[in-house]
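Student: Shown below is the structure under consideration.
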Amino acid sequence: MSLRPVIVGGGSAGMGAAIELAEHGVDCLLFDEASRPGGVVYRGPLRAGVDLGYLGPRYTKALTKLHEDFAACAERIDLRLNHRVVGGDDQRLMVLDADEQLHEIDYSHLLLAAGCHERNVPFPGWTLPGVILLGGLQLQIKSGVVKPLGSTLIAGTGPLLPLVACQLHAAGAKVAGVYEACSFNRIAKESLALMNKPQLFLDGLSMLAYMKLNGIPMHYGWGVVGATGDGELQEVQVAPYTQDWQPDMTRVQREHVRTLAVGYGFIPRTQLSQQLGLAHGFSEDGYLRAECNVWQQSSQPNIHLAGDMAGIRGGEAAMLTGRIAAVSMLQQMGKLDAEQAIERRERFLGKLAAIKRFRSGVERYTARGAAQIQLPQADTVICRCENVTREQIDLALEQGVEDMASLKMRTRVSMGDCQGRMCVGYCSDRLRSATGRKDVGWLRPRFPVDPIPFSAFEQLGTEA
Amino acid sequence: MNKHYDIIIAGGGVIGASCAYQLSKRHNLKIALIDCKRPGNATRASAGGLWAIGESVGLGCGVIFFRMMSSRNKREANGAAVVVDSSTPHILPECFFDFALQSNALYPQLHQELIERHGMDFKFERTGLKYIIQDEEDQLYAEHIVKQIPHLADQVRWLDRDALRASEPAVTLKANGALEFLCDHQVSPFRLGDAYMEAARQNGVDLYPNVNITGVLHEGSRIKGVRTAEAGEFHCGTLINAAGAWAAELSEWATGESIPVKPVKGQIVLTERLPKLLDGCITTSDCYMAQKDNGEILIGSTTEEKGFDVSNTFPEISGLVQGAIRCVPQLAQVNLKRTWAGLRPGSPDELPILGPVDNVQGYFNACGHFRTGILTSAITGVLLDKVVHNEALPLDITPFLASRFREGVDKQLAHG
């Protein structure tokens with residue numbers, strides 16, 4: 001049994017927690033699946049000698065600070081990179097090491113900070129090579145240091161769109177334009193809420209100014225309706241959206257680009273929190289997330305949640321929630337008394353409040369329109385792993401299927417390798433829209449969270 | 001507002017759905033099927049083997065069960081620390097062979113019928129089932145099996161080392177041969193359940209998914225209906241208990257007497273999609289393997305009495321993985337995609353519990369199918385349809401009546 005707290009995920013939440021623990025003299029064990037800590041936001045380039053100037057000075061400063069703080073605590077942090085946590089229960093985690101061998105790791109205090117995945121929004125042509133998700137594209141220019149081929153069109157909703165457009169352009173890639181699905185009026189109304197986070201708002205302003213200066217057009221109230229090409233992307237079709245995102249197909253415009261990056265937000269990872277039997281609820285946007293209290297404590301007192309797993313709020317908020325979770329664990333371990341813990345927590349909560357106000361403004365203007373689920377055609381693939389099309393889902397709904405588990409059995413959606421990470425958003429949207437219910441179930445993730453080789457059991461078997 | 005039906009079927013697993021389908025074919029009754037999704041639904045956790053002979057002689061899903069029973073019996077007889085003895089096969093009674101074989105024979109026709117009339121394909125595949133002989137004990141076990149079933153000699157074939165290699169090149173070179181059961185095939189289990197269910201719906205059965213039954217209504221010794229948590233009261237003339245691992249509670253509510261149905265947990269391992277690696281279904285002394293229509297290989301299954309727990313436990317998963325690699329060494333190089341667990345509705349004598357009970361009118365059991373619910377769902381639907389309509393049955397239902405347990409108790413009391 002590890003008496004050290006065990007942290008799953010070495011992004012800003014996990015790193016923040018590890019630093020907070022170390023600063024109070026507590027060692028921890030930290031697992032991350034990547035070859036460098038930092039998570040998708042702060043991993044930095046995977047190879048040396050890269051000048052990240054094109055990502056903006058604010059980002060570069062935050063990146064450097066986090067890694068320096070983390071490095072200063074290195075003695076207290078047992079960092080296991082290239083390790084994947086593929087399952088677990090209320091006593092142990094199942095961890096696949098860098099040599100693809102499986103290990104049982106018992107825990108007493110656990111922090112889950114495994115982040116989120118992107119929401120896939122299917123439309124005709126979304127599976128063509130050249131169509132990628134916005135976060136994935138950003139990761140390529142941040143960590144892989146790979147630029148997309150030819151001209152890139154960005155579509156979706158939210159502040160990540162102009163940010164990635166600027167970063168791409170500064171990195172030397174050509175950006176054909178940004179298509180924000182929400183109308184300008186709706187965003188302007190939220191400007192009061194955005195004022196509460198001046199730094200981000202100013203960045204927002206300067207991003208738009210940068211785009212204007214460099215001739216990157218920004219279209220409000222427009223969205224993608226299709227992508228076509230012979231074996232790879234050649235053309236993207238965009239159209240004006242109504243308030244609930246119904247496209248006006250009489251005004252379709254065509255853009256010739258090699259890359260289409262689509263960003264409709266993120267969904268917390270719940271594969272582990274569900275396997276561990278924690279209590280969950282649904283967000284306004286319809287996604288499942290594990291529940292936690294003001295201490296970032298889950299329904300199990302010895303398991304905490306931090307970062308986007310506990311609700312999508314981005315990298316800076318993740319660092320703060322990681323710190324709060326660590327403070328709670330320190331109190332449980334007797335390293336801080338109640339008064340000290342509350343005082344420290346309040347300091348982090350104060351900083352978090354500004355981010356929360358900003359996020360709630362963003363969430364209101366980026367709320368997805370109900371008509372989005374009508375984008376796919378009858379033959380558009382919804383579940384890429386099992387090749388399930390929209391008409392198969394339509395048929396199942398006509399036949400009276402009302403919940404996720406039944407939809408899975410009837411159509412095989414989510415039975416592939418990704419366990420539904422790609423299609424769960426669309427399927428949940430369709431079921432909720434068809435039944436009018438808020439809770440239509442979610443996918444129950446199974447061990448292992450990602451496929452693992454049979455040979456991974458060799459050592460485990462000899463222990464048994 | 002109350003709902004009125006001639007028949008209410010409690011349970012939407014493969015058994016309840018088969019009963020609904022068979023009863024709906026006559027279009028003379030108003031039928032409701034009430035189901036709630038609970039973790040451990042055995043239909044969704046099954047391998048889909050139609051192993052009529054294999055399961056009757058303790059292979060397939062029964063292998064691990066048999067080994068467990070055998071080691072427990074021996075331990076009880078000789079004290080602890082006795083090696084598992086697999087030399088005496090665990091053969092089910094004659095009545096079960098008839099039941100299983102009759103059901104098995106219905107599948108080709110049922111497959112065609114559900115495709116043609118209802119557009120539902122449950123992926124019936126003729127595969128055979130091979131018991132792979134990997135050591136002396138396996139050989140003895142196989143010989144015992146053959147001796148016990150002389151009447152099925154035409155459905156059994158010995159494969160020597162070369163013949164096994166020719167038909168199953170992926171099986172270990174260390175295997176000495178195999179015993180093949182020619183009439184044992186496979187289906188996709190959840191597609192079978194869905195096919196019955198959708199066909200029943202097309203035939204006019206009202207489906208109530210995600211509805212929990214919380215009680216049974218009576219009028220004297222007659223069943224009057226059920227109470228539900230989500231959809232109020234349902235009135236009916238006949239209630240069919242197809243509640244799988246949860247059948248004991250419903251029986252208690254309906255008849256005042258419990259039936260000895262207990263959840264028996266089975267854990268299963270699934271590979272990623274693979275090119276055709278296995279020609280037919282495989283059973284060994286460690287596990288069974290069935291490559292499904294989409295290329296995934298399903299490996300099962302443990303037999304554990306853990307109540308309604310459906311967690312996956314790593315030593316057991318590891319045991320299945322090692323057993324599979326021992327027989328098909330190439331599997332060491334493939335990926336494990338998923339594991340899960342289901343709850344078999346186990347009965348003490350491994351026979352299902354079917355038909356009426358004494359002193360209660362309007363109630364029928366269709367439960368306790370243990371590890372052969374997929375295989376015997378076809379005949380169960382046919383039997384229940386005939387029982388409800390009071391018609392001649394294709395086989396004697398007496399050995400499957402719930403009253404057999406009562407008699408057992410009476411006998412024990414008499415002898416005690």
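The values are calculated or read from the model by the stated rules, or taken from the named source; none is laboratory data. Note that this is a predicted model, so its numbers are computed, not measured. Note: ideal-geometry Cβ built from the backbone for every residue, glycine included; neighbour counts use all protein chains shown.
Student: Based on this model, can you work out whether B:A32 counts as outside any helix (DSSP H, G or I), among the small types (G, A, S) and within 17 Å of B:L375 (Cα to Cα)?
Tutor: Numbers: outside any helix (DSSP H, G or I): yes; among the small types (G, A, S): yes; within 17 Å of B:L375 (Cα to Cα): no.
No; evaluated as a whole, the condition is false for this residue.
Student: Let me ask another. Out of region A:409-425, which residues are within 11 Å of chain B (Cβ to nearest Cβ) and in contact (Cβ under 8 Å) with a residue 40 or more places away in the chain?
Tutor: A:Q419 - this is the single residue of region A:409-425 that is within 11 Å of chain B (Cβ to nearest Cβ) and in contact (Cβ under 8 Å) with a residue 40 or more places away in the chain.
Student: How many of the residues making up region B:124-139 are among the β-branched types (V, I, T) and surrounded by 22 or more Cβ atoms within 10 Å (Cβ to Cβ)? Break it down stepwise before answering.
Tutor: Step one: filter region B:124-139 for residues among the β-branched types (V, I, T), giving B:127, B:132-133.
If we keep only those that are surrounded by 22 or more Cβ atoms within 10 Å (Cβ to Cβ) too, we end up with B:132-133.
The number of residues fulfilling the criteria is 2.
Student: I'm trying to understand the selection: among the residues of region A:49-104, which are crowded, with 18+ Cβ neighbours inside 10 Å and under 19 Å from A:R446 (Cβ atoms)?
Tutor: A:R84, A:V85, A:V86, A:G87, A:G88, A:R92, A:L93, A:M94, A:V95, A:L96, A:L102
Student: Just for region B:296-332: of the residues that are facing chain A (nearest Cβ under 9 Å) and touching a helix residue (DSSP H, G or I) at 6+ places or on another chain (Cβ under 7 Å), which one is nearest to B:C281 (Cα to Cα)?
Tutor: B:A324
For (1) of a type outside the set (A, V, I, L, M); (2) surrounded by fewer than 21 Cβ atoms within 10 Å (Cβ to Cβ); (3) within 12 Å of chain B (Cβ to nearest Cβ); (4) within 24 Å of the chain's Cα centre (by Cα), each residue gets a yes or a no:
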residue: A:E391; (1), (2), (3), (4): yes, yes, no, no
residue: A:L397; (1), (2), (3), (4): no, yes, no, no
residue: A:G400; (1), (2), (3), (4): yes, yes, yes, no
residue: A:L407; (1), (2), (3), (4): no, no, yes, no
residue: A:C427; (1), (2), (3), (4): yes, no, no, yes
residue: A:E458; (1), (2), (3), (4): yes, yes, yes, no
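Student: Another question, then. Kindly indicate the residue of region B:333-354 that is more than 12 Å from chain A (Cβ to nearest Cβ) and surrounded by fewer than 19 Cβ atoms within 10 Å (Cβ to Cβ) and also farthest from B:R165 (Cα to Cα) among those meeting that condition.
Tutor: My answer is B:P348.
Student: Continuing with the same structure: Looking at A:F358, is it within 25 Å of A:P5 (Cα to Cα) and not assigned by TED's automatic domain parsing to the domain that holds A:D90? Break it down into steps so the answer makes sense when it comes.
Tutor: Numbers: within 25 Å of A:P5 (Cα to Cα): no; not assigned by TED's automatic domain parsing to the domain that holds A:D90: yes.
No; evaluated as a whole, the condition is false for this residue.
Student: B:V156: among the β-branched types (V, I, T) and under 21 Å from B:V57 (Cα atoms), yes or no?
Tutor: Details: among the β-branched types (V, I, T): yes; under 21 Å from B:V57 (Cα atoms): yes.
Considered against the rule, which asks whether it is among the β-branched types (V, I, T) and under 21 Å from B:V57 (Cα atoms), B:V156 comes out as yes.
Student: Suppose the filter is under 29 Å from A:W295 (Cα atoms) and touching a residue at least 60 places away in the same chain (Cβ under 8 Å); does A:L63 pass it? Break it down into steps so the answer makes sense when it comes.
Tutor: Numbers: under 29 Å from A:W295 (Cα atoms): yes; touching a residue at least 60 places away in the same chain (Cβ under 8 Å): no.
So A:L63 fails the test.
Student: Considering only residues of region B:355-364 that are of a type outside the set (A, V, I, L, M, F, W, C) and assigned to a strand (DSSP E or B), which is surrounded by the fewest Cβ atoms within 10 Å (Cβ to Cβ)? Please lay out each step first, then the result.
Tutor: The initial filter retains those residues of region B:355-364 that are of a type outside the set (A, V, I, L, M, F, W, C), namely B:355-356, B:358-359, B:361-363.
Subsequent filtering for residues that are assigned to a strand (DSSP E or B) retains B:355-356, B:361, B:363.
Working: B:G355: 19, B:P356: 17, B:Q361: 14, B:Y363: 23.
Filtering region B:355-364 for residues that are of a type outside the set (A, V, I, L, M, F, W, C) and assigned to a strand (DSSP E or B), the one surrounded by the fewest Cβ atoms within 10 Å (Cβ to Cβ) comes out as B:Q361.
Student: Which of the following residues is surrounded by 21 or more Cβ atoms within 10 Å (Cβ to Cβ) and not hydroxyl-bearing (S, T, Y): A:L330, A:L349?
Tutor: Details: A:L349 fails: surrounded by 21 or more Cβ atoms within 10 Å (Cβ to Cβ).
A:L330 is the lone residue from the list that is surrounded by 21 or more Cβ atoms within 10 Å (Cβ to Cβ) and not hydroxyl-bearing (S, T, Y).
Student: Does A:A318 satisfy being in contact with a strand residue (DSSP E or B) (Cβ under 9 Å, 6 or more places away or on another chain) and under 20 Å from A:I267 (Cβ atoms)? Please lay out each step first, then the result.
Tutor: On the way: in contact with a strand residue (DSSP E or B) (Cβ under 9 Å, 6 or more places away or on another chain): yes; under 20 Å from A:I267 (Cβ atoms): yes.
Judged against the criteria, A:A318 is a match.
Student: Yes or no: A:H103 in contact (Cβ under 8 Å) with a residue 12 or more places away in the chain and within 14 Å of chain B (Cβ to nearest Cβ)?
Tutor: So A:H103 fits the description; yes.
Student: Then there is this: Just to verify a result, which residue in region A:1-48, among those that are touching a Phe, Trp or Tyr at 6+ places or on another chain (Cβ under 9 Å) and part of a strand (DSSP E or B), is surrounded by the fewest Cβ atoms within 10 Å (Cβ to Cβ)?
Tutor: The selected residue is A:S2.
Student: If you check B:P356, B:P348, which single one turns out to be over 25 Å from B:H185 (Cβ atoms) and at pLDDT below 95?
Tutor: Details: B:P356 fails: at pLDDT below 95.
Exactly one of B:P356, B:P348 is over 25 Å from B:H185 (Cβ atoms) and at pLDDT below 95, namely B:P348.
Student: Run B:K292 past the list (1) facing another protein chain (nearest Cβ under 10 Å); (2) surrounded by fewer than 23 Cβ atoms within 10 Å (Cβ to Cβ) and report the number of the one that doesn't hold.
Tutor: Of the numbered conditions (1) facing another protein chain (nearest Cβ under 10 Å); (2) surrounded by fewer than 23 Cβ atoms within 10 Å (Cβ to Cβ), the odd one out for B:K292 is (1).
Student: What residue, among those in region B:210-235 that are out of contact with any strand residue (DSSP E or B) (no Cβ under 7 Å at 6 or more places or on another chain) and under 23 Å from B:V357 (Cα atoms), is surrounded by the fewest Cβ atoms within 10 Å (Cβ to Cβ)?
Tutor: Taking region B:210-235 and keeping what is out of contact with any strand residue (DSSP E or B) (no Cβ under 7 Å at 6 or more places or on another chain), we get B:210, B:219-220, B:230, B:232.
Now narrow it down to the ones that are under 23 Å from B:V357 (Cα atoms): B:219-220.
Values: B:E219: 11, B:G220: 6.
The qualifying residue surrounded by the fewest Cβ atoms within 10 Å (Cβ to Cβ) is B:G220.
Student: A further question on this structure: Of all residues in region A:382-434, which are among the polar types (S, T, N, Q) and within 20 Å of A:F447 (Cβ to Cβ)?
Tutor: We begin by selecting, within region A:382-434, every residue among the polar types (S, T, N, Q); these are A:387, A:389, A:392, A:399, A:406, A:411, A:414, A:419, A:428, A:433.
Listed by number, the residues that qualify are A:S414, A:Q419.
Student: Taking the conditions exactly as written (closer than 20 Å to B:G280 by Cβ and buried (at least 21 other Cβ atoms within 10 Å of the Cβ)), does B:A153 satisfy them or not? Walk me through it before giving the result.
Tutor: On the way: closer than 20 Å to B:G280 by Cβ: yes; buried (at least 21 other Cβ atoms within 10 Å of the Cβ): no.
Considered against the rule, which asks whether it is closer than 20 Å to B:G280 by Cβ and buried (at least 21 other Cβ atoms within 10 Å of the Cβ), B:A153 comes out as no.
Student: Identify, please: which residue in region B:240-258 is at pLDDT 95 or above and either acidic (D, E) or in a loop (DSSP other than H, G, I, E, B) (or both) and is, among those, nearest to B:I31 (Cα to Cα)?
Tutor: The residue in question is B:A242.
Student: If you check B:G225, B:G215, B:G232, which single one turns out to be among the small types (G, A, S), without any contact (Cβ under 8 Å) to a residue 60 or more places away in the chain and away from chain A (no Cβ under 14 Å)? Steps first, please.
Tutor: On the way: B:G225 fails: without any contact (Cβ under 8 Å) to a residue 60 or more places away in the chain; B:G232 fails: without any contact (Cβ under 8 Å) to a residue 60 or more places away in the chain.
Within the list B:G225, B:G215, B:G232, the selection yields B:G215.
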